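Below is one structure, written out as structure tokens, with a few remarks after it.
The values are calculated or read from the model by the stated rules, or taken from the named source; none is laboratory data. None of the values given here were measured: they were computed from a predicted structure. A quick note on method: Cβ atoms are made from the backbone with ideal geometry, for glycine too, and the neighbour counts reach across all protein chains shown.
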Amino acid sequence: MKRRKFLGAASLTSIGLFFSQYVNAKADLPLEKSNIPAKDEAKPIIISTWNHGMAANRMAWKVLLKGGTSLDAVEKGVMLTESDPNNRSVGLGGLPDRDGNVTLDACIMNQKSQCGSVGYLQEIEHPISVARKVMEDTPHVMLVGKGAQDFALSKGFEKKNLLTPEAKAEWLQWKRDQMKKPRINSENHDTIGMLAMDKDGNISGACTTSGWAYKLPGRLGDSPIIGAGLFVDGEIGGACATGMGEAVIRIAGSHTVVELMRHGHSPEEACKLAVERIRKKHEDLKDLQVGFIAMNRAGKVGGYSMYAGFNYALKDAENDEMIDAKYDLEW
Ligand code: SD4
């Protein structure tokens, strides 16, 4: 190609590039306010993952009815699940790691982007409350392991054996069966992720779990990671994740859902697009269940999962129900 022709082509290309960047940049700009429903349309509402969300929502609703904040509501709501000895995937009674230790992950976040988190926390019944203390009483966001436990003890939390006889029996059986493959999403019991909006239209979220049953010791999932298991942006809304935490972390799942809402997607569409992004990034989808729930600042909600079977609980002034999420794949 002659030099002048080449330069001409090159400058046309750069003009093209310039415009396509401009167009892309424009598409990436936050939407006009009119495209995100206004906060003053909002009314108190709570959603949370899985069947155990019904009872947790009712507990959180009591807090909202008394005029409490969404932060108080989500903390009190998921504490109920943490204390339920019959729940095999959250708090007391949660299934242990492969060595028989119950290790808990949790995080909490409010509309001001204040957040706190604990990971690999042992022998403390309410990791969500420790996460809140991390948020309110320290300059940090995340404490893990012994440091998190020492911090909890210094704040007056008491040590408790969280491995119930029933959970221990299941773990021993698993060892006997030599089932070395970790298990997730069994019996529709899973992580609880909760999002609540209070009377002032403020959204907070909480997420708490004993994680992947029989995981390798030291494993952290998505649930204590701000942006993965939970994310809230007061201007937009919030999202929570459940399912295989490793896959959720790979796409910063809850943050992705919130950003998709920022760009104009409804809560359900945003959850679906995040699931599809996970699908695109994984060749092997076997057992790769993930589910998201989301709430925008107008109090509209939605959820979506990779596989059938994910549901979430919704509570507001008129409704108290389970909703089956739409999904991509049958098992
Ligand atoms: C984890 N996401 O530790 C959690 C577990 C869970 O459905 O939610 N399972 O990976």
With the structure loaded, tell me whether residue 322 is part of a strand (DSSP E or B) and either in contact with a Cys (Cβ under 9 Å, 6 or more places away or on another chain) or away from the ligand (no atom under 16 Å from the Cβ) (or both) or whether it fails that test.
yes
Kindly evaluate residue 283 against the criterion of being free of Cβ contacts under 8 Å to residues at least 60 places away in the same chain, away from the ligand (no atom under 14 Å from the Cβ) and not aromatic (Phe, Trp, Tyr).
yes
Name the residue that is farthest from residue 192 (Cα to Cα), counting only residues in the stretch 48-107 that are in a helix (DSSP H, G or I) and of a type in the set (D, E, K, R).
62
Qualifying residues in the stretch 176-228 (those that are at pLDDT 90 or above and of a type in the set (Lys, Arg)) - the one nearest to the chain's Cα centre (by Cα)
219
Looking only at the stretch 98-117, decide whether some residue is acidic (Asp, Glu) and surrounded by fewer than 22 Cβ atoms within 10 Å (Cβ to Cβ).
yes
Here are 193, 229, 218: which of them is closer than 19 Å to residue 143 by Cβ and either of a type in the set (D, E, K, R) or near the ligand (Cβ under 10 Å from one of its atoms) (or both)?
229
Can residue 119 be described as at pLDDT below 95 and either part of a helix (DSSP H, G or I) or closer than 28 Å to residue 312 by Cβ (or both)?
no
Give the stretch 129-145 a look and list any residue that's farther than 19 Å from residue 221 by Cβ and part of a helix (DSSP H, G or I), or say none.
129, 132, 133, 135, 136, 137
Any residue in the stretch 248-259 that is modelled with pLDDT of 95 or more and near the ligand (Cβ under 9 Å from one of its atoms)?
yes
Residue 80: at pLDDT 95 or above, of a type in the set (A, V, I, L, M, F, W, C) and buried (at least 24 other Cβ atoms within 10 Å of the Cβ), yes or no?
no
Here are 241, 294: which of them is under 14 Å from residue 222 (Cα atoms), at pLDDT 95 or above and small (Gly, Ala, Ser)?
241
Taking the conditions exactly as written (assigned to a strand (DSSP E or B), buried (at least 18 other Cβ atoms within 10 Å of the Cβ) and at pLDDT 95 or above), does residue 305 satisfy them or not?
yes
Quick test for you: out of 320, 287, pick the one residue that is modelled with pLDDT of 95 or more, among the charged types (D, E, K, R) and out of contact with any helix residue (DSSP H, G or I) (no Cβ under 6 Å at 6 or more places or on another chain).
320
Taking the stretch 108-140 and keeping only residues that are hydrophobic (A, V, I, L, M, F, W, C) and in contact with a Gly (Cβ under 6 Å, 6 or more places away or on another chain), one is left with 108, 109, 131, 134, 135
When you check residue 291 against the structure, is it within 15 Å of residue 327 (Cβ to Cβ) and within 16 Å of the ligand (Cβ to nearest atom), yes or no?
yes
Which one of 139, 127, 165 is surrounded by 15 or more Cβ atoms within 10 Å (Cβ to Cβ) and at pLDDT 95 or above?
127
